[in-house]
Every structure is written in structure tokens, then in C-alpha cells.
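The values are calculated or read from the model by the stated rules, or taken from the named source; none is laboratory data. Just so you know, these numbers come straight off a predicted model, no measurement behind them. Don't worry about glycine lacking a Cβ; one is built from the backbone with ideal geometry, like all the others, and counts go over all protein chains shown. Note: accessible area is taken over every heavy atom of the protein model, side chains too, but ligands, DNA and RNA are not part of it. Shrake-Rupley method; radii C 1.70, N 1.55, O 1.52, S 1.80 Å.
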Amino acid sequence: MDKNQLLNSKNIAVGSFAILFLIFLSLIIDNTPLFLLILFLLGGLAIYLVDKKNKKNTETIQKPTFEEELKNTYFPTTSKLKLADVAGLDGAKEELFEIKDFLNNPDKYKKFNARIPKGILFIGPPGVGKTMMAKALAGEAGVPFFYQSGSSFVEIYVGMGAKKVHELFEAAKKSAPSIVFIDEIDSVGKARGGIRSDERDATLNQLLTEMDGFESNSGVVVIAATNKIEMLDDALLRAGRFDRHIHLDLPSVNERKSILEIYLKNRPNSVDIEKLSLITAGFSGASLENFINEASLNAIKLNKQELDMQDFISVKDKVVFGKKQEIALSVEEKEKIALYQSSKAIVAKKLGVEFEKITLFLNNFLSTNNGLESEKHSLYKIAAQISGIVAYDFFYSQRYSNTKEDILIINELIKNHIENFNMEKNLSLQDAIEQAKDIALKTIKTSEQEIKELQKKLITQEIVFFNDI
Ligand code: ADP
């Protein structure tokens with residue numbers, strides 16, 4: 001029983017006692033008006049008690065109202081992280097320093113009437129530090145940080161997600177300069193069409209309206225994170241919305257080294273960091289941190305004074321095959337994936353399809369084309385993306401599970417291709433796949449040597465730039 005309830009029961013007891021006393025008094029002195037007054041008071045008390053009981057019943061089942069929930073949701077946090085705390089990812093950091101400067105010195109930009117991007121899209125697999133980077137930017141610039149996950153916007157009732165989006169932007173504008181971070185934007189911003197959801201469409205539309213509705217120099221910078229840019233609704237990527245794209249890839253050997261250095265710094269250890277960085281190809285920053293934690297627990301269990309390589313070897317299987325399911329590649333797996341990726345890169349280069357780099361793990365490697373695109377180029381893009389799968393068939397007569405993400409990308413490319421060029425020719429999905437596969441196979445057959453060379457390079461370097469191919 002809380003304090004209020006206690007007070008109320010006390011009041012009722014005192015009230016009842018007073019009435020009983022008055023009844024007693026009226027009987028003794030035989031006073032009719034007093035008797036009527038008592039009856040009136042008794043009626044009042046009964047009504048009060050019944051009403052209170054009803055209220056209590058409804059109170060117990062009443063949840064906080066939507067408005068109350070909203071009020072609690074949009075409190076920003078302050079971040080102590082700095083960009084220097086994020087290991088590697090130098091290109092991304094450089095771009096963010098410009099945004100930090102804008103948040104701190106908006107007048108400098110206003111004077112030149114310079115527009116700074118309102119919406120930045122972080123693209124990359126889970127655990128590479130997208131959230132960390134956004135927080136570090138807020139910490140570096142010393143501005144409030146609003147975090148929301150895209151899925152938390154999609155409510156059961158149509159219109160509620162939209163309301164949440166609106167409130168979030170209102171709160172951010174009030175605290176400007178500020179940073180809004182929307183994690184997993186794909187749960188709101190998936191391309192419309194397919195299975196329709198009125199609630200998701202309404203939420204997405206609201207997000208677009210909000211993005212259009214504030215000035216680029218209002219001091220609010222919105223960062224959204226996604227793993228699958230190809231799934232996003234085109235409207236989100238248009239100018240003035242999320243038009244600055246920053247790719248955060250899985251860390252390279254050197255980046256893994258610096259991440260390991262950060263997390264080993266404060267733990268007593270005799271670890272060969274160089275060696276550890278070599279055997280962790282495919283690990284994200286988050287999985288490296290987890291790997292070190294598991295190894296530390298192992299060292300503690302064995303009462304060791306310091307963490308050593310043996311601890312990592314002991315927990316490797318746990319990290320690789322355990323519930324965390326991190327990826328660590330065997331030599332054969334690396335060879336296969338490198339051949340798969342090299343085939344895509346060589347075919348793209350031979351067909352004149354532009355890209356910046358190819359890595360062991362980046363499936364979605366082609367540059368997004370926002371300009372005027374020819375039908376031939378659109379088909380060549382599909383051919384390049386499908387050529388890893390064609391190479392598996394050609395070299396190994398076998399497919400492997402890393403094709404999954406490419407299949408999604410290919411489907412998306414084909415959908416656009418058919419929409420843009422082949423509606424009236426009645427080109428089916430299957431026809432487009434066959435055409436692209438033919439082109440890919442012909443190119444692979446005439447480039448076997450180059451593919452094998454790039455495969456070797458990728459195995460050792462994990463990343464090769466377009467100009468070095
Ligand atoms: P994402 O948002 O891309 O899924 P997070 O930012 O949530 O990834 O990363 C999870 C954790 O992994 C971070 O809190 C940090 O401990 C670690 N981490 C990831 N990338 C890095 C990095 N580049 N440098 C240092 N730590 C990292």
C-alpha cells in the first residue's frame with residue numbers, strides 16, 4: 001500500500017467515525033434536521049467509495065498514455081566518446097570532422113551560404129561501429145545525441161509511428177545543434193511496394209516530410225544506419241534527404257590491429273597482436289571486442305596473471321561456432337571467397353562498370369548510379385554482380401552460402417532493369433538472369449588468369465582498389 005492509499009483509508013476511517021458519532025448524537029437529542037444531514041452525508045460517502053473503487057479498477061489496467069510514453073522517449077544523451085576512440089575507419093572520420101566543424105561553427109558556413117548535408121547514411125554490416133561513430137561525433141562536437149531504432153517507429157496502430165517521428169524531430173530541433181541517430185533505418189525505409197503496410201508507409205512519409213521540413217543549417221544532423229542500402233526506398237536517398245553516404249566496412253588487417261590494440265591496452269597480456277589480426281579476417285570491431293572478452297574470461301578461469309595467445313586459441317571455437325556465430329575463415333574458405341569476389345571485380349572492370357574497391361567481404365561493391373544510365377550498362381551491372389555465382393559454378397561446380405546477399409542485390413538490380421527498360425518487351429526475371437549469366441560466363445572464360453591473380457592478391461591484402469587491378 002503506498003502513502004496515498006494509506007492517507008485515503010485513514011480519511012475514510014475518520015469520516016465513518018464522525019458519522020457514527022453524529023447518528024449517536026441525533027438519537028440522544030432526537031433532532032430531525034440533524035438526522036437528515038447525517039443521511040445526506042452517508043449518501044455522499046457511499047457515492048465517493050463506489051467511485052473510488054471504479055477508478056482504482058481502471059487505474060490498475062491503464063498503461064501510460066502514448067503522450068506520456070513519447071515524453072520519456074526523446075531525452076537525448078550526452079556522449080563522452082571521441083572520434084579518436086574509434087579505431088580505423090579514417091575516411092569516414094575525415095568526413096565527420098567536417099560535420100563536427102559545422103555543428104560547432106555554423107556561422108562560418110552560413111556566411112558562405114554553404115549547405116551541409118542534413119542526412120548522412122552509414123552503410124555497413126553489423127558491429128563495424130556505426131552507432132559508435134555517430135556517438136563519437138556527438139561527443140566530439142559536444143552536442144546532444146538522440147538515438148532511435150527504426151523498428152521502434154513502426155507501431156501497431158497506423159499513424160503512431162509517424163507521430164513518434166514528428167516528436168523526435170521536434171525535440172531535436174529544440175536542442176539544436178544536435179544529432180539524431182536512426183539505427184536500422186531499413187525497418188522504416190524499405191522500398192514501398194511488395195507487402196504493403198499502411199503504418200510503415202505513414203511512418204516513412206512522415207520521415208520524408210520531416211527531412212524536407214528543416215533547413216540544412218538548422219543545426220540538426222540526422223544520421224541513419226543500414227546494412228542494406230539496396231533495400232531502401234529511393235525517396236529516402238534523394239537530394240536534401242540522406243544524400244551523403246559513408247561506407248563503414250569490416251576492418252582490414254591494419255584496422256583490426258588497431259582495434260585489438262585499443263581493447264588489449266588495459267588488460268595484462270603477452271599477446272602477439274600482429275598474429276591475432278591475421279587470424280581474425282572477417283571479424284567486425286564488435287566481434288573482436290567479444291573475442292578479447294571471451295579470452296579474458298578464459299585466462300581468469302585458469303587463474304593466469306596475463307592473457308596470452310593460448311586463451312584466444314582456446315575460445316576461438318566458442319566464438320566461431322558458439323551462439324555468437326562470428327566468422328573466422330579457414331584457408332580454403334578464404335580461397336573460395338577470394339575467387340568469388342575476384343570474378344565479380346574482374347568482370348565489372350572488363351565491362352566498364354565502375355567501383356572503388358573489392359574486399360574479401362564486401363558483396364555490394366558497385367557504385368550507385370544516380371545519373372542517366374544506358375540499358376547496356378544496367379545489364380552489365382547485373383552481369384558483374386552475378387559473376388561470383390557463375391564463377392562458383394564454373395570453377396567448383398558448386399555453390400556456397402556467401403551468395404545469399406548477392407542474390408538479394410541481383411534481384412533488386414533486375415527489378416530496376418525491367419522497370420526502366422523492358423516493360424514492353426515482356427522480359428521476365430528469368431530472361432534477364434540468363435542474359436546476365438551468359439555475359440558473365442563469357443567474360444570469366446576469357447579472364448581466368450586475371451581472376452586467379454586477383455584472388456591471390458585478395459587473400460593476402462583482403463582489399464584491392466580499382467586502380468590496382
Ligand atoms: P554497429 O552500429 O555498426 O552495429 P556498434 O557501433 O554498435 O556497431 O559497435 C559495437 C561495439 O563494437 C562498439 O560499442 C565497440 O565496442 C566495438 N567496435 C566496433 N567497431 C569499432 C571500432 N572501429 N573501433 C573500436 N571499437 C569498435
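Things worth noting here:
- Heavy-atom accessible area per residue - segment 253-321, 1.4 Å, Å²: 52 Å²
- Taking the accessible area of segment 253-321, probe 1.4 Å, and keeping the other protein chains in place, the carbon and sulfur fraction comes to 52%.
- Highest mean packing first, where packing is the average number of other Cβ atoms within 10 Å per residue, the peptides 173-184, 273-284 line up as 173-184, 273-284.
- Among the protein heavy atoms of segment 331-468, carbon and sulfur supply 51% of the accessible surface, probe 1.4 Å, non-protein parts ignored.
- Members of K257/K304; K275/K445; K190/K357; K82/K381; K110/K130; K164/K415 lying beyond 30 Å, as alpha-carbon distances in this model show: K275/K445; K82/K381; K164/K415
- Less than 5 angstrom separates the built amide H of S149 from those of D183, all sequence-distant by 5 or more or on a different chain.
- With all protein chains in place and a 1.4 Å probe, the accessible surface of segment 83-247 carries 50 percent carbon and sulfur.
- A straight Cα-to-Cα reach below 20 Å connects K108 with the aspartates and glutamates E94, E95, E98, E140, E215, residues fewer than 8 places away in its own chain not being considered.
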